[in-house]
Amino acid sequence: MTQGSAALPPRGGNAKAAPRSPKPPKKRRVWLRVVLLLLSAVILIIVAYFGYLAFKANDALQKSSTVSNSDVKIPVTESVKKKPVGMVLLGLDTRAKGGGMNTDVMMVAVFNPNTKKATVVSIPRDSLLQLEGYGERKANANYATFFSQARSDKGMDKEAAEEDAKRAIRDMLGKFFGVDLKYTAVVNFKGFEDVIDALGGIEVNVDMDMKYVDTADGTNIDLKKGLQKLNGDKALDFVRYRKSNDGRNMSSDFDRNKRESEVVAKIVDKMKSLSGIAKMGEVIDAVGDNMEIDMPPKEIQNLMKTYFGISSADVQFIPLEGIWKSPYVYLDEAKLDEARAALQAKMAE
């Protein structure tokens, strides 16, 4: 190049090179990586947790289901995820002292997958369920009677007799309420306590002072009136309370039924809460160890998936009422008709 000559333009002509984007500050990039790592960790923890729950649930299903052949397949159109299902729910007193085959808690429930709602009717334990072909006995003695008949009259072993008793009480209550009841679940008192303890207790409004001691069966109920948090043992006392030793603060079967419904509603809502979800593994264990249901494991799984997230607002509780004339509770016909109509309507939705 000769002196004084013009400088040559860069290759590509007169266009100037595009300016480079400014690099983000190093500190900002570091924080972005930290946030992404934390989000990834949270996602992995959530996936692992639900995988863990699925594993525990599957194990619990196998424990809970009394269907010997776990390969039983229910047609899709008949599955609980597609069709309303009616069930009998029984609470059995299995305490070491004073326990037996009588069912202190009796409920009939219909779940509808289309509305994701349910209707639950609770039956006073001393009710006389007048039905042709069945003898006169208190409602809570029927399961025990069916079990004894299966053992003595049909020569069944204990396991077979329990299944026969579940079928018999389901048939009886299905005729009584005019709905098709397909399954029977039996939960013992320990399961009731364990589920509530697994959830960290429930808050209820104790409606009266409750004080009753019975050394024969180990009962020692001591609750004060008012809103309070109860563990499993105290919640069971709250539901079971009938009378005091001094004859004051008496409690009827109808009061007990209302408390049962209140406690079930509290359990349902607590399971839906964040704290309840975090303790779901313990709840699954408690159910698996203390409940028996004559539903195939796959259907129990379908039931859990279909109604996961249901709240007490989605459940219509109907406690039956009546008049006590020793030794029975004679049910109020108008309330009974209401309960029948509600169950049948839920089945038809």
Residue hits (segment 171-218; in contact with a helix residue (DSSP H, G or I) (Cβ under 9 Å, 6 or more places away or on another chain) and on the phi > 0 side of the Ramachandran plot) are 178, 200, 201
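Right, residue 248: closer than 22 Å to residue 107 by Cβ and either out of contact with any strand residue (DSSP E or B) (no Cβ under 8 Å at 6 or more places or on another chain) or surrounded by 19 or more Cβ atoms within 10 Å (Cβ to Cβ) (or both) or not?
So residue 248 fails the test.
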In segment 77-99, is there at least one residue being modelled with pLDDT under 75, under 20 Å from residue 253 (Cα atoms), among the small types (Gly, Ala, Ser) and surrounded by 14 or more Cβ atoms within 10 Å (Cβ to Cβ)? yes
Of the residues in segment 184-226, how many are of a type in the set (Phe, Trp, Tyr) and crowded, with 20+ Cβ neighbours inside 10 Å? 2
In the set 334, 278, which member is within 30 Å of residue 81 (Cα to Cα), surrounded by fewer than 16 Cβ atoms within 10 Å (Cβ to Cβ) and of a type in the set (A, V, I, L, M)? 278
When segment 321-337 is examined, which residues are found to be closer than 18 Å to residue 175 by Cβ and not aliphatic (A, V, I, L, M)? 333, 337
Restricting attention to segment 267-302, the residues that are without any contact (Cβ under 8 Å) to a residue 24 or more places away in the chain and either touching a helix residue (DSSP H, G or I) at 6+ places or on another chain (Cβ under 6 Å) or part of a loop (DSSP other than H, G, I, E, B) (or both) number exactly 1
Requiring at least 3 residues that are free of Cβ contacts under 8 Å to residues at least 24 places away in the same chain, the strands (runs of 3 or more DSSP E) wholly within segment 175-237 are 219-223
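The values are calculated or read from the model by the stated rules, or taken from the named source; none is laboratory data. Model, not experiment: these values are computed from the prediction. We place every Cβ from the backbone using ideal geometry, glycine too, and count neighbours over all the protein chains shown.
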